[in-house]
Amino acid sequence: MKTLIYLLLTLFLGIGSAPATFAQAKKPLINVLIVDGQNNHDQWPKITYMMKRYLEETGKFSVDVQRSYYTWNGGDLVEKYKIQGVPTTQSLPKPKMDSAFHPDFSKYDVVINNFGWNAAPWSDATQADFEKFIQNGGGLVVIHAADNSFQQWPAYNRMIGLGGWGDRTEKDGPYVYYDQDGKLVRDNSVGKAGSHGAQKEFLITIRNANHPITKGMPLNWMHTKDEMYDRLRGPAEQMDVLATAFSSKDNHGTGRNEPMLMTIKMGKGRIFHTPLGHVDYSVECVGFITCLQRGTQWAATGKVDIPVPGDFPTENAVSQRKFVDNP
């Protein structure tokens, strides 16, 4: 009896004095890999750096970066925004293939692609490993020009749902958009994929307010100055368009409501795709930051518990958080 009382007392005192109970224990971090290094957009090193910070600030993610040996543009920014453990490299002539680029995808829950239209093909072995990663339940986040990449890779085109440039045409799949009556259209007409007008602020319209990524967001919110991609086309299999923006003909657009937030299912894998995020001020949009955080969490886990912040943009006003390198 004395032993039982002693054990109960010890348990009671331990619970009262311990810094955290089992219920309060921290959940394991989501392991994220950002891949970059081949991008026609000058600011890709800074945007990778910003995205890494935005994810880590939530306390929910551990983020690694693996850079392709062949870097494109952004040479000064590669040096300025150094990431610990990631080597800096010089710009080289465009290779036919980066055979040395072969991350161990199995170490991660989700991969973020920050490549561009001029990304050199991955080796057959790297492609096969990445396809296996997605099919087995790995997540993928596609940012801006990453939907221009790898036009000759059929599985990648299925992963991203819709893509642009890279000689994509009607052979690669339909245009997908919402018409003026709010109907989702799959348009098989002839034409090239990918265009945009001048950068500007534009209104995002939520089309699926019940998805974990968009749930709780205003049904309409202003995105800060950015390129608005339009005329994207692709397989669009198992794709859900979460949000659109109107591409005005006054800005060389289509006169259609073009996808801006999408999810795609492939095997057991989940993909979040946004064409937003051209340069640093675009990525500073609180709407973009929130979509990145929630989209990455969903791609990795299928669930979202990151809240929509109080400074989220409204239907009438953009909201930006000025990025500070060393806060």
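Values computed for the structure shown
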{"item": "Identity of the residue in segment 122-172, among the basic types (Lys, Arg) and more than 25 Å from Val63 (Cβ to Cβ), that ends up surrounded by the fewest Cβ atoms within 10 Å (Cβ to Cβ)", "result": "Lys171"}
{"item": "Hits in segment 311-325 (condition: of a type in the set (S, T, N, Q) and over 11 Å from Tyr281 (Cβ atoms))", "result": "Thr314, Asn316, Ser319"}
{"item": "Hits in segment 188-202 (condition: farther than 27 Å from Gly267 by Cβ and not basic (Lys, Arg))", "result": "Ser189, Val190, Gly191, Ser195, His196, Gly197, Ala198, Gln199, Glu201, Phe202"}
{"item": "Enumeration of residues in segment 239-254 that are without any contact (Cβ under 8 Å) to a residue 60 or more places away in the chain and either basic (Lys, Arg) or part of a loop (DSSP other than H, G, I, E, B) (or both)", "result": "Ser248, Lys249, His252, Gly253"}
{"item": "Residue match in segment 131-141 (condition: more than 26 Å from Val110 (Cβ to Cβ) and over 17 Å from the mean Cα position of the chain (by Cα))", "result": "no"}
{"item": "Only one of Ala209, Ala236 that is of a type in the set (A, V, I, L, M, F, W, C), surrounded by 19 or more Cβ atoms within 10 Å (Cβ to Cβ) and at pLDDT 95 or above", "result": "Ala236"}
{"item": "Search result, residues across segment 29-48 that are surrounded by 21 or more Cβ atoms within 10 Å (Cβ to Cβ) and without any contact (Cβ under 8 Å) to a residue 60 or more places away in the chain", "result": "Pro45"}
{"item": "Count - residues of segment 274-306 that are within 19 Å of Trp44 (Cβ to Cβ) and not small (Gly, Ala, Ser)", "result": "15"}
{"item": "Counted residues, segment 257-309 - those being part of a helix (DSSP H, G or I) and either surrounded by fewer than 20 Cβ atoms within 10 Å (Cβ to Cβ) or among the aromatic types (Phe, Trp, Tyr) (or both)", "result": "5"}
{"item": "Filtered residue count, segment 54-69, keeping only those that are crowded, with 16+ Cβ neighbours inside 10 Å and acidic (Asp, Glu)", "result": "1"}
{"item": "Residue check, Glu201 under 18 Å from the mean Cα position of the chain (by Cα) and in a strand (DSSP E or B)", "result": "no"}
{"item": "Residue within segment 264-286 that is touching a Pro at 6+ places or on another chain (Cβ under 8 Å), closer than 17 Å to Gly197 by Cα, modelled with pLDDT of 95 or more and not small (Gly, Ala, Ser) present", "result": "yes"}
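The values are calculated or read from the model by the stated rules, or taken from the named source; none is laboratory data. Owing to the predicted nature of the structure, the values given are computational and were not obtained by experimental measurement. Counting neighbours? That spans all protein chains shown, and the Cβs are built from the backbone with ideal geometry, glycine included.
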